[in-house]
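Okay, so here's the structure we're looking at.
A short reminder: the numbers here are calculations on the coordinates, not readings from a lab. The structure presented is a predicted model; accordingly, all values stated were derived computationally and were not measured. Neighbour counts are summed over all protein chains in view; Cβ atoms, including those assigned to glycine, are modelled from backbone coordinates with ideal geometry.
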């Protein structure tokens, strides 16, 4: 079993839909949970991060962490075609150490 | 300001040849990471440099892989006797560093070097 599991998709939704992306993990030492967005032929860019459990909201994006279930989610409201990208979850036991990534979920938002 | 840059952007090499991939981190960033992104495998950590400390090489897949960081800035990842399974996108990231305590030191990624071994 990999440390971080993420459904690779692809996931295709109509514009305006609510998107739910998820990852599960096995290492209970993870405390830092991040979501990266990667456009084609580009490097990943940090979208959101959460320390320990709880929710965090930033505009149309909400990140949730449930450490008891070892489950994290990213919700995108009012999805736009510009949100079409690969979304990677990443986590670590410290905020400044190498990250363990999921495989990424490829999202397409159709206008 | 300038972000992380990597060169070359694409590299095609024959099996058995050595290759060198270069990373220029963001100025002032003390931490530098190399990751590999293979089709269907996600990003895989390779090696981590932090200041003058000994690098964390725990992610290197074999002794054909090595990396160095000169003067705390530019880094070179070397793959000797390349194999077809080395074909991937090699990504470099840099970050500032400090005591974490709930803070995340964002890793800024370069665009990657796409390596194809024929």
Handout entry: Compactness of the protein assembly as shown - radius of gyration and Dmax, Cα, Å
Key = 17.6, 50
Problem - Translational diffusion of region A:26-70, µm² s⁻¹ [Kirkwood Rh, Cα pairs; Stokes-Einstein; 25 °C; 0.890 mPa s] - result: 210 µm²/s
Problem - Dmax and Rg, reported as Rg then Dmax, of region A:37-100 (C-alpha, Å) - result: 12.6, 36
Completion exercise
Between the alpha carbon centres of region B:47-118 and region A:1-56 the gap in Å comes to 22 Å
Exercise for the section: Quickly rank A:72-84, A:31-43 as a protection proxy: mean count of other C-beta atoms within 10 Å, highest first. Expected result: A:31-43, A:72-84
Fill in the blank from the handout: For region B:31-89, the Cα gyration tensor yields equivalent-ellipsoid semi-axes (√(5λ), largest first, whole Å) of 21, 13, 10
Completion exercise
Log entry: pair-distance distribution for region A:1-56, C-alpha pairs binned every 5 Å from zero, whole % per bin is 4, 12, 20, 26, 22, 11, 4, 0
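Across peptide A:81-89, what mean number of C-beta atoms from other chains lies inside 10 Å of a residue's C-beta? Working shown, then result.
Details: counts 0, 0, 0, 0, 0, 2, 0, 3, 1.
Mean inter-chain Cβ contacts per residue within 10 Å come to 1.
If N is the number of residues in chain A, what value comes out of its Cα radius of gyration divided by 2.2 N^0.38 Å? List each step's numbers first, then the result.
Numbers: Rg = 13.3 Å, N = 111, 2.2 N^0.38 = 13.2 Å.
In units of the 2.2 N^0.38 Å rule of thumb, it is 1.01.
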Handout entry: Kirkwood-type radius of chain B, with distances r between different C-alpha atoms, in Å
Key = 14.5 Å
Exercise for the section: Would you tell me the mean number of C-beta atoms belonging to other protein chains that fall within 10 Å of each C-beta in B:40-48, as a whole number? Expected result: 5
Exercise for the section: Per residue of B:107-114, count partner chain C-beta atoms within 10 Å of its C-beta, then hand back the mean as an integer. Expected result: 4
Exercise for the section: With springs only between Cα atoms under 10 Å apart, run a GNM on chain B and tell me which of B:59, B:51, B:71 wobbles the most. Expected result: B:71
